[in-house]
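S.K.: To start, I am sharing the structure in question, which I have written as structure tokens.
The values are calculated or read from the model by the stated rules, or taken from the named source; none is laboratory data. Please read all numbers here as calculations on a predicted model, not as lab measurements. A quick note on method: Cβ atoms are made from the backbone with ideal geometry, for glycine too, and the neighbour counts reach across all protein chains shown.
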Amino acid sequence: MEFIDLKAQYAALKTEIDENIASVLADTHFILGEKEQEFEEKLASYVGVKHVVGCSDGTAALQLIYMAYGIGHGDAVFCPDMTFVASVEPACMLGAEPIFCDIDPRTYNIAADSLEQQIKAVLAEGRFTPKAIVAVDFIGNPADYDKIRKIADEYHLLLIEDAAQGMGASVQGVKCGALGDIAATSFFPSKPLGCYGDGGAVFTNDDDMDRLLRSIRVHGKGKSKYDNQRIGLNARLDTIQAAIMLPKLKVLDEEIAARQTIAARYDQAFDGKFQTPYIMDGMVSSYAQYALLAKDNKQRDDIIRVLKENGIPSLVYYPVPLHQMKVFEGCFMGEETFAHTIDYAQRTFSLPFSAYLTKEDQERIIEAVSAAASQN
Ligand SMILES: Cc1ncc(COP(=O)(O)O)c(C=O)c1O
């Protein structure tokens, strides 16, 4: 059994994906070719933003944003303590200080009260200037933008949406990717909209920002690649990857609908036995992961072991909160104890999940998880 069934998705979309790859091979515009531009336009219209800037991966997308806004030495960037390191790593590379915030114990997204407390702590300490908040749509569940937007406005902070895990998800009908001042996503193969290698994108409604991002994406180019106006990156999206995603984008909403059905079956089976995902009213999760919380660390590890013995894969997203990582030793932590993030990391485990998960496989998983839990 696959953890994320990319083979079944390929089988369903094979004809169109193969044709699209063949057309790129035939016209040989391998980098930022026609299909890449078509993909940018179609994705912009799907998400409901003016511009999509395709790039080499999600980390590069975030780096383009941090560079375009001039974030660097002396700046504080606030992010949830429970996310992939890439949410904030490119800001650190530019010299900014990462400031971690605890998560909400129900949604696992950045907690507004912790965010505000950390902003105040940074201001009181005085070494860093608060500049940006990175709100992550963690495992596909949109962050609480109503609350975060108010805080961003009050403290004049840029609100960056890290929608790497949130493509297809939405808040009151507004798609993830359109919920911050600017947003980034990843097309890593296992993401809700994934390519067959690395890929990413930035989303913006601002024409000047769009031009700047396109310049930084290609070595800070001006009128041409050899007219360099600023320090940039080589962070372009391959045409083949865009061509592969065009058919996937067409079925994304259908897949998101299927994900709701599959998640609802898991919810029903595990209600009362585990903490099941909490999606706020008006929100739709992409369920990039379907995560349960066991009663404690021992039960979680026992379940993972039993599943493995039964040939059922499971994963932990993520086992270590950012504030505990060696790379961030010595960073400013404010007064935060990160109690909810620590608890989450101890108890979370994710089950096989994709729009193509069969009912039979899902029943097998549910039985195995329930049997393992009853032994504890
Ligand atoms: C929340 C989050 N941000 C950023 C990234 C970085 O994306 P990529 O792996 O495409 O560089 C990822 C990918 O795992 C992610 O999950």
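S.K.: Have a look at L315, L292 and point out the one that is outside the structural domain of T129 (by TED's automatic domain parsing), touching a strand residue (DSSP E or B) at 6+ places or on another chain (Cβ under 8 Å), under 24 Å from A258 (Cα atoms) and surrounded by fewer than 21 Cβ atoms within 10 Å (Cβ to Cβ).
M.R.: Answer to the check: L315.
S.K.: If you take the residues in segment 351-372 that are within 14 Å of V306 (Cα to Cα) and crowded, with 19+ Cβ neighbours inside 10 Å, which one is nearest to the chain's Cα centre (by Cα)?
M.R.: Once the filter is applied, the top-ranked residue is L351.
S.K.: Within segment 17-33, is there a residue that is away from the ligand (no atom under 16 Å from the Cβ), polar (S, T, N, Q) and in a loop (DSSP other than H, G, I, E, B)?
M.R.: yes
S.K.: Right, next: Name the pairs: first residue in segment 77-91 and closer than 14 Å to F138 by Cβ, second residue of a type in the set (G, A, S) and near the ligand (Cβ under 9 Å from one of its atoms), Cβ to Cβ under 6 Å, at least 6 apart or on different chains?
M.R.: As it stands, the answer is C79/S87, since those pairs meet every condition given.
S.K.: Of the residues A135, A164, only one is within 13 Å of the ligand (Cβ to nearest atom), assigned to a strand (DSSP E or B) and not β-branched (V, I, T); which?
M.R.: None of the others qualify; the one that does is A135.
S.K.: List the number of the failed condition for K273; all other conditions in (1) in contact with a helix residue (DSSP H, G or I) (Cβ under 8 Å, 6 or more places away or on another chain); (2) within 16 Å of the ligand (Cβ to nearest atom) hold.
M.R.: (2)
S.K.: Is there any pair with a first residue in segment 218-235 that is of a type in the set (S, T, N, Q) and a second that is part of a loop (DSSP other than H, G, I, E, B) whose Cβ atoms are under 6 Å apart and which are 6 or more apart or on different chains, and what are they?
M.R.: Partner pairs satisfying both residue conditions: N228/H219; N228/G220; Q229/G220; Q229/G222.
S.K.: Sticking with this structure for a sec: Report yes if A257 is closer than 25 Å to K42 by Cα, modelled with pLDDT of 95 or more and assigned to a helix (DSSP H, G or I), otherwise no.
M.R.: So A257 fits the description; yes.
S.K.: Condition (residue is more than 16 Å from the ligand (Cβ to nearest atom) and over 13 Å from the mean Cα position of the chain (by Cα)) applied to segment 53-65: is it met by at least one residue?
M.R.: no
S.K.: Is it true that A178 is in a loop (DSSP other than H, G, I, E, B) and either within 16 Å of the ligand (Cβ to nearest atom) or within 15 Å of C101 (Cα to Cα) (or both)?
M.R.: Judged against the criteria, A178 is not a match.
S.K.: Considering only segment 80-110, state which residues are farther than 15 Å from V320 by Cα, small (G, A, S) and surrounded by 24 or more Cβ atoms within 10 Å (Cβ to Cβ).
M.R.: Passing the criteria: only A91.
S.K.: Right, something else. Are any residues in segment 67-113 within 19 Å of Y145 (Cβ to Cβ), in a helix (DSSP H, G or I) and within 16 Å of the ligand (Cβ to nearest atom), and if so, which ones?
M.R.: Selection gives S87 alone.
Each row is one residue, and each column tells you yes or no for (1) within 18 Å of A152 (Cα to Cα); (2) over 13 Å from the mean Cα position of the chain (by Cα); (3) not assigned by TED's automatic domain parsing to the domain that holds H340.
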{"residue": "C79", "(1), (2), (3)": "yes, no, yes"}
{"residue": "T83", "(1), (2), (3)": "no, no, yes"}
{"residue": "G95", "(1), (2), (3)": "no, yes, yes"}
{"residue": "P98", "(1), (2), (3)": "yes, yes, yes"}
{"residue": "P105", "(1), (2), (3)": "no, yes, yes"}
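S.K.: Sticking with this structure for a sec: Residue check, T239 against (1) more than 16 Å from the ligand (Cβ to nearest atom); (2) over 30 Å from Q9 (Cα atoms); (3) buried (at least 23 other Cβ atoms within 10 Å of the Cβ), all met but one. Which one?
M.R.: (2)
S.K.: If we scan segment 198-206, do we find a residue that is more than 16 Å from the ligand (Cβ to nearest atom), modelled with pLDDT of 95 or more, surrounded by fewer than 20 Cβ atoms within 10 Å (Cβ to Cβ) and assigned to a loop (DSSP other than H, G, I, E, B)?
M.R.: Yes, segment 198-206 contains a residue that is more than 16 Å from the ligand (Cβ to nearest atom), modelled with pLDDT of 95 or more, surrounded by fewer than 20 Cβ atoms within 10 Å (Cβ to Cβ) and assigned to a loop (DSSP other than H, G, I, E, B).
S.K.: Please enumerate the residues belonging to segment 283-303 that are more than 27 Å from E255 (Cα to Cα) and in contact (Cβ under 8 Å) with a residue 12 or more places away in the chain.
M.R.: A294, K295, D296, N297, K298, Q299, R300, D302, I303 - these are the residues of segment 283-303 that are more than 27 Å from E255 (Cα to Cα) and in contact (Cβ under 8 Å) with a residue 12 or more places away in the chain.
S.K.: Would you check if L13 is farther than 17 Å from L213 by Cβ, in contact (Cβ under 8 Å) with a residue 60 or more places away in the chain, of a type in the set (A, V, I, L, M) and buried (at least 16 other Cβ atoms within 10 Å of the Cβ)?
M.R.: Yes; evaluated as a whole, the condition is true for this residue.
S.K.: Let me ask something else about it. Out of (1) within 16 Å of the ligand (Cβ to nearest atom); (2) out of contact with any Asp or Glu (no Cβ under 9 Å at 6 or more places or on another chain), the odd one out for S170 is which?
M.R.: (1)
S.K.: Hey, among I119, I103, which residue is in contact with a His (Cβ under 6 Å, 6 or more places away or on another chain) and aliphatic (A, V, I, L, M)?
M.R.: None of the others qualify; the one that does is I103.
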